[in-house]
1. From GLN74, GLN13, which residue is part of a strand (DSSP E or B) and surrounded by 12 or more Cβ atoms within 10 Å (Cβ to Cβ)?
2. From the set of residues in region 82-139 that are outside any helix (DSSP H, G or I) and modelled with pLDDT of 85 or more, which is farthest from ILE71 (Cα to Cα)?
3. So which residues in region 16-40 are assigned to a helix (DSSP H, G or I) and in contact (Cβ under 8 Å) with a residue 24 or more places away in the chain?
4. When you check ILE80 against the structure, is it within 20 Å of VAL3 (Cβ to Cβ) and either touching a residue at least 12 places away in the same chain (Cβ under 8 Å) or of a type in the set (Phe, Trp, Tyr) (or both), yes or no?
Amino acid sequence: MMVFIKGQGVYYQVYAPEDASNNVLAAVNKIKDDFEGLRDYWHDICPIKKYYFVLNDKYKGSLPQLHKELIVLQSDFNLIDTGVIVAKDLERELFNLPDDMIRSVVGHLPDIDHEEYMFVSGFTCFISAWINFEKIARHKVFSAKQPNRPLFYRESSQCFSKKQNNF
């Protein structure tokens, strides 16, 4: 998605991959390809002065390769400014707004007491950690080489070892 500020030549390219760190080349190519398309279509209508790449980084931080590509674009096309905008930057901008504007962006905030809030946020943190643990554990179990360890399958009350060929 592309957003621009009419008359100011400021463009924001929004990119929300599952995980940008898993495919750095795709993110760098997204910057190049989208800028090229933007320049081909919009530059004659509203000249590009500033170009920002808004990345849903899930609070992991941006990749240095993205900054490098934007610096190259800034130099090659004589842009006033370029940059990567990540979740913490958007959050900072949001919470610098007046309360009524924050509510208009995020919607109605439920009125809950401190203890209930601590329970909900703690429970959410626990569930997130457990899901992450499950993903990592499954990956480690299924990526381990078979000859190095037996795999046990539980059937009724007996354990069968794949290594011992008891099944």
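The values are calculated or read from the model by the stated rules, or taken from the named source; none is laboratory data. For clarity, every value in this text was computed on a predicted model and none was experimentally measured. FYI the Cβ positions are ideal-geometry reconstructions off the backbone, even for glycines, and counts take in every protein chain you see.
1. None of the other options fit; the residue is GLN13.
2. The residue in question is PRO98.
3. If the condition is that a residue be assigned to a helix (DSSP H, G or I) and in contact (Cβ under 8 Å) with a residue 24 or more places away in the chain, then ALA20, SER21, VAL24, ALA27, VAL28, ILE31, LYS32, ASP34, PHE35, LEU38, ARG39 are the ones that fit.
4. When the stated conditions are applied, ILE80 passes them.
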